[in-house]
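Here's the structure, in structure tokens; my notes come after.
The values are calculated or read from the model by the stated rules, or taken from the named source; none is laboratory data. These numbers were taken from a predicted model, which means no experiment stands behind them. Virtual Cβ from ideal backbone geometry, glycine too; neighbours counted across all protein chains shown. Surface accessibility is based on the protein's heavy atoms, side chains included, excluding ligands, DNA and RNA. Shrake-Rupley method; radii C 1.70, N 1.55, O 1.52, S 1.80 Å.
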Amino acid sequence: MDINQVIISGNLTRDPELRKVGSRGTSLCTLGVAINKRWKDKNTGEMKQEATFVDVDVWGAEADKAAGQLAKGRGVCIVGELKLDRWEDRTTKQQRTKLKVKATNIIPAGDLAGVPRSQQPAAASQPGVHREMNEGEESFETNEDIPF
């Protein structure tokens, strides 16, 4: 059985870009999301930080909604699936690929206030902001903790 679902939480790196594509004029909104990871170095005790940048495509009515509600710097939680785009470079004629997220649901930061924590995506409690772990909570920030 194959599963293709991702949940990311971070901050927008640029304003949403909305355009109409295809003969039907379907809405496509492209987003850039920075996902920040912070941890304490085991050897030095020093706090470290790393950002992962993810491109996101949003289609249809959800694209129109995202373009109207989001802006650069805003926190967001995105649910979607991974999609591999393939194309030929016009200059070099080489095949190129890029892994993106095709969003199915976008939750702007602050919109989770009324949602019980048990129903929120794990990463959505504070998009883009490091949260100290409470006693008894598990952290999956290192490869050693990933259960597969």
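Things worth noting here:
- Output for the stretch 14-42, where each listed residue is of a type outside the set (Lys, Arg), part of a loop (DSSP other than H, G, I, E, B) and either open to solvent by 80 Å² or more (accessible area, probe 1.4 Å) or under 14 Å from Lys100 (Cβ atoms) (or both): Asp15, Ser23
- Looking only at the stretch 61-100, residues that are touching a residue at least 24 places away in the same chain (Cβ under 8 Å) and in a strand (DSSP E or B) come to 11 in all.
- The criterion of being assigned to a helix (DSSP H, G or I), modelled with pLDDT of 50 or more and closer than 23 Å to Gln5 by Cα does not hold for Ala103.
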